[in-house]
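The structure under discussion appears below in the form of structure tokens.
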Amino acid sequence: MRYLTCLPAAAALTAALAPAPALGQDIRVLTLDPSRSVVCSTLDFDLGQGNAFSELRSWLADPARFGPGGVVPRGTAFAPQALLLDPPTLETADVVLLTTMSRPLLRCEVDELLEFVRQGGGVFAFSNTATLDFNAATGAVSGGVGASVSATIVDPASAVAAGPFGTVTGSIGNLAFHRVLSDVGPNGNAILATSDTAMAEYTFGAGRLVVFGDEEWAMNGVVNGCAAGQQPEAARRTLWLNAFASVVPPVGFRYVPNPSSLGTRYCTPANLNSRGLPATICAFGSDVAADNDVTVAVDWIAPNAFGYFLVSAVQDFVAFPGGSQGNICLGNPVGRFIGPNEIQYSGAGGVFTLQLDLTSIPQPNGCISIQSGETWNFQAWYRDANPGATSNFTDALAVTFQ
């Protein structure tokens, strides 16, 4: 994961002092598909439809807040919800809202989201893992588990603390937060803290990211389940609305897909594994064969599982080969990355990663070199413990090289 660089101070100041967006285009809000939301007892964390955040959605729909005559002179419109945060999906969005998820963000999703921000898009993440999800990209360092205690505004000049919906100063009592940051990193600015940072903002390129290590502060106060909402409360509501407004890009923003995220995913989603998840493959680097710079990665693998990557110049589909729970989406001949240091072990996180050598791609009759103009397909096989099966497959990825 690459580190992202901030706007120069002068550019950041210019952006902060820029006039309000002109009337016109609605703010396109993207949320994750309900299948990636937590449902616990009567509590549904789906940002688009769940009961935990219906009040939040009413704030966004209120024309006195967002609309031609509102505090922010643009309305909001929810884009179709996303199963995966991939380039075609991000092209439909101005702002991505993230809260507690049943499936963690993929590393390719984080990469795409940070490129989305770099180009001017906005991301606002408020969840138990929000302060963890972006650490690798922002250079932040996670602290411990939080609690419901008083937290203090540490940057009263921040666009979140002093924004279009009002100003929040001093201490906010009994504010729930799950994870904190002991260091916001070189790109971050702390907004709200106890001894550690509970809320931080980041400016990358032309866009902004705001993270807060819990979701309860933005939930309906009357909805309870595995967590108890803390809304409504004026200071919390003001913080949330200001945070959202602070990440909204100008009218006319459009995301151009990240050039470092490679290939086209197919055979997706993969069949569910013993975690109840479809293991998902992606690739990073350069599609120029001569650069020899491609890394393939898999998330949502069964934990503590062995496996390996597969490669073929041919696509196919065979369901449940050899009694597997999954499908192989490659045609013969198929190469296996089983050489020294290539066999994968997913560990507790359920992750595979391999830096490829494009000059030595395994095939049944020996290794070959990938050439410009060729399309190669990648997939991963792994051991799994689903009843009646001993293995599974990820979805597949086709990469055309230049």
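Taking other residues whose beta carbon is less than 14 angstrom from the beta carbon of Met219, and scoring Lys, Arg as +1 and Asp, Glu as -1, yields -4.
The GNM of the chain, with springs linking C-alpha atoms under 10 angstrom apart, assigns the highest mean-square fluctuation among Phe134, Phe378, Phe306 to Phe306. Farthest toward the positive end of the dipole of the stretch 24-94, out of Leu30, Ala93, Thr76, is the Cα of Thr76, where the dipole comes from beta carbon charges about the Cα centre. Net charge dipole, the chain: roughly 360 debye, given to the nearest 20, about the Cα centre with Cβ charges of +1 for Lys and Arg and -1 for Asp and Glu. Each Cα pair of the stretch 325-394 feeds into the Kirkwood radius, which the Stokes-Einstein equation turns, at 25 °C and 0.890 mPa s, into a diffusion coefficient of 176 µm²/s. Principal axis extents of the C-alpha atoms in the stretch 265-402 (largest first, rounded to whole Å): 43, 28, 25.
Label-to-label distance, Thr375 versus Ser102, with points set 7 angstrom from Cα along the beta-carbon direction: 3.3 nm.
Applying 1/(1 + (r/R0)^6) with R0 = 51 Å to the Cβ-Cβ distance of Asp26 and Gln315 gives a FRET efficiency near 0.85. With a cut-off of 15 Å on the backbone N, the residues of the stretch 49-82 near the modelled label site 7 Å out from Asp33 along Cα-Cβ are 80-82. What the Cβ-Cβ distance of Asp357 and Thr169 gives, at R0 = 41 Å and to the nearest 0.05, is a FRET efficiency of 0.15. Across Gly170, Gly122, Gly139, mean-square fluctuation computed from a Gaussian network of the chain (C-alpha pairs under 10 Å connected) peaks at Gly170.
Computed from the Kirkwood radius of its Cα pairs, the Stokes-Einstein diffusion coefficient for the chain at 20 °C and 1.002 mPa s stands at 96 µm²/s. The length gained on full extension between Glu233 and Asn341, counted as 0.36 nm times the residue separation minus their Cα-Cα distance, comes to 33.5 nm. Rolling a 1.4 Å probe over the protein heavy atoms leaves Ser195 with an accessible area of roughly 110 Å². In terms of its Cα atoms, the stretch 34-192 spans 39, 39, 36 Å along the principal axes, sorted from long to short.
Per residue, the chain reaches -3500 deg cm²/dmol at 222 nm when only DSSP H runs of four or more residues are counted, each adding -39500 (n - 2.57). Per-residue surface analysis assigns Tyr382 an accessible area of about 0 Å², computed on protein heavy atoms at 1.4 Å probe radius. Expressed as a whole percent, the proportion of Cα-Cα pairs in the stretch 38-115 lying more than 16 Å apart is 60%.
The values are calculated or read from the model by the stated rules, or taken from the named source; none is laboratory data. A quick note: this is a predicted structure, and the numbers were derived from the prediction, not measured. Every residue, glycine as well, gets a Cβ built from its backbone with ideal geometry; the counts of neighbours run over all protein chains shown. Just the protein is used for accessible areas: all its heavy atoms, side chains included, with ligands, DNA and RNA removed. Shrake-Rupley method; radii C 1.70, N 1.55, O 1.52, S 1.80 Å.
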